[in-house]
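The values are calculated or read from the model by the stated rules, or taken from the named source; none is laboratory data. Keep in mind that what you see is a predicted model, and the values were worked out from it rather than measured. Here the Cβ positions follow ideal geometry from the backbone for every residue, glycine too, while neighbour counts run over all protein chains shown.
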Amino acid sequence: MDEEIPHKQFYTIGEVSRITGVRPHVLRYWESRGKILRPTRRKSRHRLYRPADIQLIFELKRLREEEKMTLPAMQRQLKDQVSHYHRTRNLPTPPPPSFPAVSHPVLALLQEIRRELLALKDILE
């Protein structure tokens with residue numbers, strides 16, 4: 001199946017539908033009701049799927065068509081795989097840029113706020 005997939009970083013819902021043979025409304029249903037798919041979104045709210053998303057869609061399609069599973073059954077079946085998928089699909093965050101020592105109090109305050117926000121982000125992840 002990997003040979004059929006054009007190698008890109010992101011795919012639109014139409015491209016994913018053509019590649020996998022799963023209709024766009026089914027993809028949106030799996031995203032909204034099943035909470036299985038979590039495609040990235042542009043600022044315009046368009047869905048962007050990664051190659052890992054496509055592999056998950058192929059597995060969901062197989063479970064639906066061959067195993068005749070319902071959405072809740074697919075969720076139970078793929079619980080560990082989906083949670084691993086959601087943890088590993090995020091791109092690594094680049095290291096924070098290093099700023100030279102600043103004497104301006106406003107810039108120093110902004111740098112401190114940025115450090116605190118990054119620490120909160122790490123805690124939430």
- [ ] Determine if segment 12-21 includes at least one residue that is modelled with pLDDT of 85 or more, in contact with a strand residue (DSSP E or B) (Cβ under 6 Å, 6 or more places away or on another chain) and either on the phi < 0 side of the Ramachandran plot or small (Gly, Ala, Ser) (or both).
- [x] yes
Open item on the list: Just the residues that are of a type outside the set (Asp, Glu), at pLDDT 85 or above and surrounded by fewer than 15 Cβ atoms within 10 Å (Cβ to Cβ), please, taken from segment 59-95.
Closed with: Arg62, Lys68
Task: Single unsatisfied condition, Pro100 versus (1) loosely packed, with under 11 Cβ neighbours inside 10 Å; (2) modelled with pLDDT of 85 or more - done: (2)
